[in-house]
Every structure is written in structure tokens, then in C-alpha cells.
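This report concerns only the one structure given below.
Every read-out reported here was derived from the displayed coordinates using simple, explicitly stated rules and does not represent laboratory data. The structure displayed is predicted, hence computed values, not measured ones. Neighbour counts are summed over all protein chains in view; Cβ atoms, including those assigned to glycine, are modelled from backbone coordinates with ideal geometry.
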Amino acid sequence: MLKIENLTATVGEAEEAKQIINRLTLEVPAGEVHAIMGPNGAGKSTLSYVLTGRSGYEVTGGSATLNGDDILEMEPEERAAKGMFLSFQYPVEIPGVPVMTFVRTAMNSQRKLRGEEEISAPDFIKKSREIAKQLKLDAEMLKRPVNVGFSGGEKKRLEIYQMMMLEPNFLILDETDSGLDIDALKIVADGVNALRSPDRAVMVITHYQRLLDYIVPDTVHVLYRGQVIKSGDKDLALELEKNGYTGVIDAAA
């Protein structure tokens, strides 16, 4: 699924560029959920931005492939059409654009890039209603402008709605648990778990172990200074929650 080898990336203008990702190597096979944890400034969000093609970040070395395709040579929309999806820590507002219009446009844009037919209006509405019900989203919310006037929990549930509508192959959740109460957290986790399948993979970026109680990872990676310094099973997250990162960082020094 996703294979990263010796990836190095910087952020900022050329003369003031700061290296954030430092020869990072990581593999996330299909069918698995991998959690990325680490202290502030470790490069977790930067990794998600580099993989999805956000402007302002430059890859200076290494490679990243999705199902054998070089994603670093693709435009962001091409990566999305290949199946990449990023759930933001702070979802942006899009005034004047209704949620359902936004999502259907995104779905059809991706379908066009893949050479597929557009989804019909009846099929789109049927699917939208089913997913909205599952996520406990009010139908009126889907008629409002994207994220405008929504609470933090509503914004996160709306992103999971988009994710379930688009059905991506590789999901990146960048601190999706940030600002969620326990009920909203469970709803978001249920949506993610509903998409777990043998041909899909998930990368969960989080500071806290609590999300991993609901989206149980196959592997946990500790990121520090742009490198993976330790990997383990779900018990590693419990260890980090209990003892912090200092011991892991010192052992890797």
C-alpha cells in the first residue's frame, strides 16, 4: 500500500527552509492501521502534508509510493484520485458552498480522473442519507456551507462523512480526536472502523492513546525529529501514555 523510503522534506522558502522530515522510512500495508505518535514538532503533521501534496513543503530526497505509484510526482488532486484522503486537525470553512454540492463535486472530479462515470443524483442522495444517519448528522447540516458555524465535533464528523462518501484507499487522520468529547469521538471512530478492509489502510496521527482505544492500531510508530525511532504493537501507545516520550527518545539517542 504505502511505502516511504529515506524521505527528506523541508518547509519554508529556500534560504530559510527548515528540514522537518529526515530520511524517514515507513511502510503501511493494505488492511492495516498504523498510528504515528510523537512530541510536538516531531514532524507528524508535516508528514501528512508532504504525502498529500500541500504547497510550501519540498521533498529533497527519498521516495513515497502508493500501490507502486510515485505519489510525489503527482498533483494533489491526482493523489486524491489515487485514493489518498487527509482528515485535517482544523477543518477549514468554505463559505457559500453547500456540503452536498462540495462532496458530489469532489466525488465526480475523482471519478473523472479515474475514467469513471459520474455518480447519479439519486445514487448520491441515497448514499449520503445512509452515511449521515450512521454518523448522526442532521440532514439540514448537509445543506449548509462547508464547516461554517459548525462546532468542532460537527466539523470532525463532517470530515468522516466526506471520507465515507469518497471511499479512499489510504486514510490519513491528522489529530482527528482534537477537541472531541467522548460521544463525538466514538461516532468518528465508528465511521473509520466501518471503512477498515483488506484493500484499505489507515494512518492515525495522534498525541493521545484514547483514540486508539476505539481505532485499534496494528502498529504504533514513534516519530522524533523527522524519523521513526521506535515501532511496536498497540501496547507501545499505552507505554507512551504512562511514561511519556523521554525514555524512548533517550534510548534512541
### Query
Give or take rounding to whole Å, what are the principal axis extents of the alpha carbon atoms in region 110-163, in descending order?
37, 20, 17
### Message
Given all pairs of different Cα atoms, what value in angstroms does the Kirkwood hydrodynamic radius of region 77-153 take?
### Response
13.7
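Given Cβ point charges of +1 (Lys, Arg) and -1 (Asp, Glu) and nothing else, what value in debye, to the nearest 20, does the dipole of the chain about its Cα centre take? Don't jump to the answer; show the numbers that get you there.
Details: 29 positive and 38 negative charges, 112 e Å.
Charge dipole of the chain: 540 debye, to the nearest 20.
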### Task
Starting from the Cα-Cα distance between Arg23 and Asp70, subtract it from 0.36 nm times their residue separation and give me the gain in nm to one decimal.
15.2 nm
### Task
Please report, to one decimal in angstroms, the Kirkwood hydrodynamic radius of region 111-253 built from all distinct Cα-Cα pairs.
17.1
### Message
Normalised by the empirical 2.2 N^0.38 Å for globular proteins, what value does the Cα Rg of region 90-135 take?
### Response
1.28
### Calculated Cα extents along the principal axes in Å (choose from (1) 46, 38, 33; (2) 57, 38, 36; (3) 55, 43, 35), label
(2)
### Summary
Ordering 202-208, 28-34, 65-71, 79-85 by per-residue average of other C-beta atoms within 10 angstrom, highest first, gives 202-208, 79-85, 28-34, 65-71
### Task
For region 104-131 and region 32-80, compute the distance between their C-alpha centroids and round to whole Å.
26
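In the calculated pair distance distribution of region 155-212, what percentage of Cα-Cα distances lie above 20 Å?
That fraction is 17 percent.
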### Summary
For the chain, longest principal axis from Cα atoms; helix 99-113 axis from its Cα atoms; angle between them, nearest 10 degrees, is 70
### Summary
For region 205-217, in residue order, the Karplus 3J(HN,Hα) values (coefficients 6.51, -1.76, 1.60; θ = phi - 60°; whole Hz; Gly and Pro = x) are 9, 8, 8, 10, 6, 4, 4, 6, 6, 9, 10, 6, x
### Query
Do any of Lys18/Lys44; Lys156/Lys242; Lys136/Lys186; Lys44/Lys242 go past 18 Å between their Cα atoms, and which?
Lys156/Lys242; Lys44/Lys242
